[in-house]
């Protein structure tokens, strides 16, 4: 029962971090001055053309980020970096959705949510999973360092490393699918812009 409570606390903390990041992104866009909002709106006016003519190619960037975060998850000092990066990604989503809402009103809001689901959802879920595993690893490492508990630390770390390997493989597959299909799907929703 204690393990279940600890697991729920970690999940609630991470979901709160995600929601806070999105709200902070919306707030950060809202406090921009009029000149910045106008400049952002001008950039977004070309979004339709970008979606029609290019592919979303985040394979290398996401792979590098995920691999770095996986290795950071195996250290106590890496946890704040992982949590900050999760917050940063959620803030950028909130900022983007706020900018679309400012430019295209409710239709922009719907397009922003659809864009996020298609282009970012699995990546954010992988970041959440890595953050969750990093919390578990940090908790276990602290127990080993402080309380000298050594109950199968190696076995746990090996098991979690295999799970993180599956995450890396999942991101590769996901980003490949995003590269080939995301903009084709998003073209169906361009009427919202």
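Bear in mind these aren't lab numbers, they're just calculated from the coordinates by the rules spelled out. Since the structure is predicted, the reported quantities are computational estimates derived from the model, not experimental observations. Using ideal geometry, Cβ is built from the backbone for each residue, glycine included, and neighbour counts are taken over all protein chains shown.
Relative to the longest principal axis of the Cα atoms of the chain, helix 153-177 runs at roughly 20 degrees. Spin-label model, residue 172 to residue 141: label points 7 Å out along the Cα-to-beta-carbon direction sit 2.5 nm apart. Quick check: pseudo-label points 7 Å beyond the Cα along Cα→Cβ at residue 24 and residue 187, how many nm apart are they? Computed distance between label sites residue 24 and residue 187 equals 3.8 nm. With respect to the chain, whose longest principal axis is taken over its alpha-carbon atoms, helix 78-119 is tilted by about 20°. In region 105-193 the Cα-Cα distances spread across 5 Å bins starting at 0 as 3, 12, 17, 14, 12, 10, 9, 7, 6, 5, 3, 1, 0 percent of all pairs. Remark: spin-label model distance residue 129-residue 43 equals 3.1 nm, labels positioned 7 Å along the Cα→Cβ axis.
Here the relative contact order of the chain, from alpha carbon pairs under 8 Å that lie six or more residues apart, stands at 35 percent. Here is the size of region 47-90 from its Cα atoms: Rg then Dmax, 14.5, 44 Å. As a rough footprinting exposure proxy, the listed residues 34, 116 were ranked by other beta carbons within 10 Å of their own, and the order from fewest upward is 34, 116. Taking only the C-alpha atoms of region 1-146, Rg followed by Dmax gives 17.9, 56 Å. Helix 121-147 and the long axis of the chain differ in direction by around 20°, with both axes built from C-alpha atoms.
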